[in-house]
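To keep things clear, I will list the structure first and then write my remarks on it.
Nothing in this text is a laboratory measurement; each read-out follows from the coordinates by a stated rule. For clarity, every value in this text was computed on a predicted model and none was experimentally measured. So basically every Cβ, Gly included, is an ideal-geometry build from the backbone, and we count neighbours across all protein chains shown.
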Amino acid sequence: MDAKAARRLREMSGGDDEGLFKKLRTTKLAPEDKQAIAVERQKYESPLKMVPSADGEQAGTTHERSVAGRKKMPSAPSLSPPENKEDPEVEEELNAILKRSPIIIFSKSYCPYSQKAKSILLDEYTIVPAPFVVELDMHPLGTQLQDVLAGNTGRRTVPNILVNGRTIGGGDDIEALHQKGELAAKVKTLGGKRVMQITMKEKKSL
């Protein structure tokens, strides 16, 4: 190659061999370009790797609840609480008791208020058929019966006097009706034909 041709070649390459070398040298990548290439490379090298979803959990994982920075095992779906149904045995026993007499005295043997109600109904009146007394503290299903009575009558305490399945109150209520002379009429009204007789006993003269 003659000198003239060599000079022309240098002019075409930018003036010198160094300029030609700079043009052929690989351009440095910006940091963001390097990151993009790394991501693309990761996709091809590890195609089965789970990619984090937008909420920070891996796709396909079960949702976990975090409490105070600690992860818990996935919680099972909550079930609705079962309905509170009466025990068939208790319900059957209550129905059997209510058939014993139109007047039922639910009592406790040690309760002074129960004793007062029993004294008035059993000692002061002649009632046909006679009231039936249930001592809840001595009954094998006493606690369960008291729970059912609380739900059905709104009264949990004893005594609880029922006439045809309807409560007329406790010891103080019975005493008040008795003192006002209204107890017999109240019982007869609620008892209907089932209460065949209710009259006050004559007090024996000394």
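Here are the numbers for the structure shown:
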{"read-out": "Rg to Rh quotient for the stretch 102-200, alpha carbon positions, Kirkwood Rh", "value": "0.94"}
{"read-out": "Net charge of neighbours whose Cβ lies under 13 Å from the Cβ of V128, counting Lys and Arg as +1 and Asp and Glu as -1", "value": "+4"}
{"read-out": "Label point distance in nm, N164-D123, each placed 7 Å from Cα along Cα→Cβ", "value": "3.0"}
{"read-out": "24 Å Cα-Cα threshold exceeded, pairs from K99/K186; K99/K193; K108/K203", "value": "K108/K203"}
{"read-out": "Exposure proxy order (Cβ contacts within 10 Å, fewest to most) of K118, K193", "value": "K193, K118"}
